[in-house]
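The values are calculated or read from the model by the stated rules, or taken from the named source; none is laboratory data. Computed from a prediction, not measured in an experiment: that's the story for all the values here. Cβ coordinates were reconstructed from backbone atoms using ideal geometry, including for glycine residues, and neighbour counts include every protein chain displayed. For the accessible areas, the whole protein counts, side chains as well, though only heavy atoms, and no ligand, DNA or RNA atoms are used. Shrake-Rupley method; radii C 1.70, N 1.55, O 1.52, S 1.80 Å.
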Amino acid sequence: MRHSFLTVFLLFALLSLPTRIGAQCHVSVGGELRQRILHNFDRLEQEKYRPQHVFLTEEQSGYWPGDTEGRTILGLVLDARSTGRQPLYLEEILRLLPSYLNAKGYLGTIHRGQADEQQLSGHGWLLRGLSEYYLWKHDAKALQLIKTITDSLFLPIEPYLKSYPLDPDQRAKNVGGASGNIVAAVGCWRLSTDIGCIFIGMDGFLQATQILDEAQIGGKAERHKMAKEWIELFLQCPLVKIEAQTHASLTGMRGLLRYAEMTGEDTYVKLAEQRWQAYKRYGMTEDYANYNWFCRYNTWTEPCAVVDSYMVASQLWQATHKAQYLTDAELIYWNALCHGQRDNGGFGTDNCPGKASGTDCIGVAAYEAHWCCTMRGGEGLSRAAQYAASADADTLFLTTFRDMTVKAQLASGALTITVNTLYPFQEKVSVDFFVKEAPRKTILAVPAFAWMTKLKVQVNGKPLSWKEDRGMVVFGNRFRGGDHIRLTFVMHPKDVGVVNPANNTPGSFRVGFGPLLLATDSCQDNLLYGERLIPLKGLTFRGEKSGTIVSPLYHLMSTRLTGKDYARRILFHR
């Protein structure tokens with residue numbers, strides 16, 4: 001292909017710039033993602049999440065004070081921000097919150113001389129919900145609540161951080177349910193079966209610190225001293241050896257990336273990368289979801305962790321522009337996050353195929369984890385909208401292909417572009433960009449995933465030169481309002497390896513089509529390795545030799561997952 005001088009110059013300029021995802025850019029999504037967000041929004045406005053029911057006693061919450069309240073606020077805020085729809089009950093929940101606080105200004109028991117990691121975790125979500133609400137509305141009452149909880153619950157436990165048990169022998173083994181519980185007291189710490197959930201509290205504290213710093217609220221030195229000590233504790237924690245909960249660990253990684261942003265120190269990004277690789281090796285399932293604990297392979301998935309994994313992968317790409325992280329996020333979204341959403345808009349847990357569970361099939365473990373994952377699903381879906389595009393200088397980045405309208409303020413002016421596509425649900429893919437308005441100079445950078453072949457770019461029907469670098473297709477032109485840019489490529493089904501060889505027999509493999517895993521409807525049907533898959537109607541394929549029928553594991557909130565007999569095979573054997 002030809003590369004014009006302008007294209008090469010613009011590419012050099014693109015790769016010389018850091019990326020601040022979400023800066024100067026607004027994304028409005030349509031298609032299946034908008035449908036998912038709205039359905040989750042509907043679920044979060046049903047009876048269970050209304051003001052008269054959302055505030056729980058400690059016993060009702062399973063001794064997770066602040067958890068339900070915080071996650072509900074967070075889910076409603078982010079669903080509202082991503083859709084532009086006003087939540088019906090959020091303001092009343094926030095109005096009532098102070099009346100449920102204890103004498104020190106937070107929820108639950110006042111543990112004198114002790115620290116309860118479930119209470120810190122629950123209030124981590126409460127701080128995050130209040131912080132996101134403050135970023136949206138700049139409400140002074142929310143800011144005061146953030147300060148009170150930070151000062152009265154979090155800062156007082158700073159002396160206890162150095163004694164938090166990191167020795168695997170101090171933690172209970174092979175215990176815990178889908179909702180964890182306090183299982184032991186070691187020193188001054190009340191410990192949970194959700195091992196490491198203290199780091200969920202850490203991320204909430206770090207975002208609160210950002211908010212309070214930006215609002216120039218006193219106490220900055222004390223907050224930053226504790227932030228550093230908490231980060232050092234997370235870095236010392238042997239996540240795999242201690243068999244930490246993957247949800248808590250991934251939230252800790254998000255905290256590490258947040259701390260890198262707060263301090264401007266790239267070292268913390270590299271440390272987050274190391275922990276992400278450990279998660280992929282010991283904590284990620286064959287459908288790109290999670291095992292509930294590291295190395296405990298006969299457990300279940302948790303959409304809360306899936307959301308965190310999607311966010312970590314996306315944020316690592318933002319920080320490094322390494323193509324693998326963009327691919328990780330794409331695979332997590334289309335297979336794990338989407339599969340976890342149920343027909344009521346909530347999110348539920350699945351089993352984990354492999355040797356430990358004795359099955360090659362995905363099945364439903366719990367129809368809905370209404371106490372946590374349904375609310376976090378709101379964040380995951382809303383972040384998928386937010387992360388879909390970003391602007392920096394004269395460049396518009398797209399991280400995936402979906403129906404959306406993007407309004408970006410580039411260095412040389414305003415850009416408005418609409419994207420339409422049926423990706424990933426067709427073999428010959430067209431992605432159409434309709435330029436509504438464009439500045440003098442514009443660079444577009446879109447993913448070049450490994451499964452994309454025969455890629456072409458046209459503007460108004462004429463070929464446009466492009467260049468691939470670091471997993472992105474980059475092209476520039478003096479686009480004008482009314483221009484039609486078309487990106488085309490082809491995808492084919494192909495055999496792929498397994499995520500976790502330790503939990504699979506030798507010779508196990510999976511089959512993918514673009515970012516989509518393909519699955520059978522019968523656990524008895526097996527594909528032959530390397531056999532040609534013949535296209536049938538839609539995205540259904542038949543093995544040329546085995547006759548086995550496969551189609552995407554993906555579903556759009558299918559009612560099939562309401563039944564206990566649901567099972568789809570994704571692991572095959574040579």
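Can you tell me how many residues within the stretch 461-494 are hydroxyl-bearing (Ser, Thr, Tyr) and within 30 Å of the chain's Cα centre (by Cα)?
Of the residues in that region, 1 qualify.
Among the residues of the stretch 302-317, is there at least one that is in contact with a helix residue (DSSP H, G or I) (Cβ under 9 Å, 6 or more places away or on another chain) and under 25 Å from LEU527 (Cβ atoms)?
no
Limited to the stretch 49-107, what total is found for residues that are assigned to a loop (DSSP other than H, G, I, E, B) and of a type in the set (S, T, N, Q)?
Counting residues in the stretch 49-107 that are assigned to a loop (DSSP other than H, G, I, E, B) and of a type in the set (S, T, N, Q) gives 5.
Could you list, ordered by first residue, the pairs with Cβ atoms under 8 Å in which the first is in the stretch 525-544 and aromatic (Phe, Trp, Tyr) and the second is in a loop (DSSP other than H, G, I, E, B), at least 6 apart or interchain?
Filtered contacts from the stretch 525-544: TYR529/GLY507; TYR529/ARG574.
Can you tell me which residues in the stretch 457-493 are within 17 Å of VAL419 (Cβ to Cβ) and among the basic types (Lys, Arg)?
Result: ARG486, single match.
Residue-wise test of (1) of a type outside the set (A, V, I, L, M); (2) assigned to a strand (DSSP E or B); (3) at pLDDT below 95.
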| residue | (1), (2), (3) |
| --- | --- |
| ASP151 | yes, no, no |
| PHE154 | yes, no, no |
| PRO159 | yes, no, no |
| LYS173 | yes, no, yes |
| ALA178 | no, no, yes |
| GLY196 | yes, no, no |
| GLN210 | yes, no, no |
| LYS225 | yes, no, no |
| TRP230 | yes, no, no |
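Counting only residues that are of a type in the set (Lys, Arg) and either in contact with a Gly (Cβ under 7 Å, 6 or more places away or on another chain) or over 21 Å from ARG171 (Cβ atoms) (or both), which one in the stretch 229-258 is least open to solvent (accessible area, probe 1.4 Å)?
Per the criteria, the residue is ARG254.
So if I check each of LEU107, LEU96, LEU44, which one is in contact with a helix residue (DSSP H, G or I) (Cβ under 9 Å, 6 or more places away or on another chain) and either open to solvent by 20 Å² or more (accessible area, probe 1.4 Å) or more than 21 Å from HIS370 (Cα to Cα) (or both)?
Matching residue, one of LEU107, LEU96, LEU44: LEU96.
Which residue, of ALA185, ALA178, ALA142, is touching a Leu at 6+ places or on another chain (Cβ under 8 Å), open to solvent by less than 50 Å² (accessible area, probe 1.4 Å) and among the small types (Gly, Ala, Ser)?
Answer to the selection: ALA142.
From the set of residues in the stretch 259-270 that are in a helix (DSSP H, G or I) and open to solvent by 40 Å² or more (accessible area, probe 1.4 Å), which is farthest from LYS220 (Cα to Cα)?
Checking each candidate, the answer is LYS270.
Would you check which residues across the stretch 275-297 are assigned to a loop (DSSP other than H, G, I, E, B), over 17 Å from ILE570 (Cβ atoms) and open to solvent by 10 Å² or more (accessible area, probe 1.4 Å) and list them?
CYS295, ARG296
Specify which of the listed residues (LEU539, LEU556, LEU528) is in contact with a Pro (Cβ under 7 Å, 6 or more places away or on another chain) and open to solvent by 20 Å² or more (accessible area, probe 1.4 Å).
LEU539
Tell me, which residue of the stretch 383-403 that is open to solvent by less than 10 Å² (accessible area, probe 1.4 Å) and in contact with a Lys or Arg (Cβ under 9 Å, 6 or more places away or on another chain) is farthest from HIS321 (Cα to Cα)?
Step by step, filter the stretch 383-403, then rank; the result is ALA385.
Which of (1) out of contact with any Ser or Thr (no Cβ under 8 Å at 6 or more places or on another chain); (2) open to solvent by less than 50 Å² (accessible area, probe 1.4 Å); (3) within 21 Å of TYR325 (Cα to Cα) is the odd one out, the single condition ARG470 does not satisfy?
Condition (2) is where ARG470 drops out.
Contact list please: Cβ distance under 8 Å, first residue in the stretch 557-573 and part of a helix (DSSP H, G or I), second residue surrounded by 19 or more Cβ atoms within 10 Å (Cβ to Cβ), pairs at least six apart or on different chains.
That search, which allows pairs on different chains as well, returns LEU561/ARG342; LEU561/GLY348; LEU561/VAL364; THR562/ARG342.
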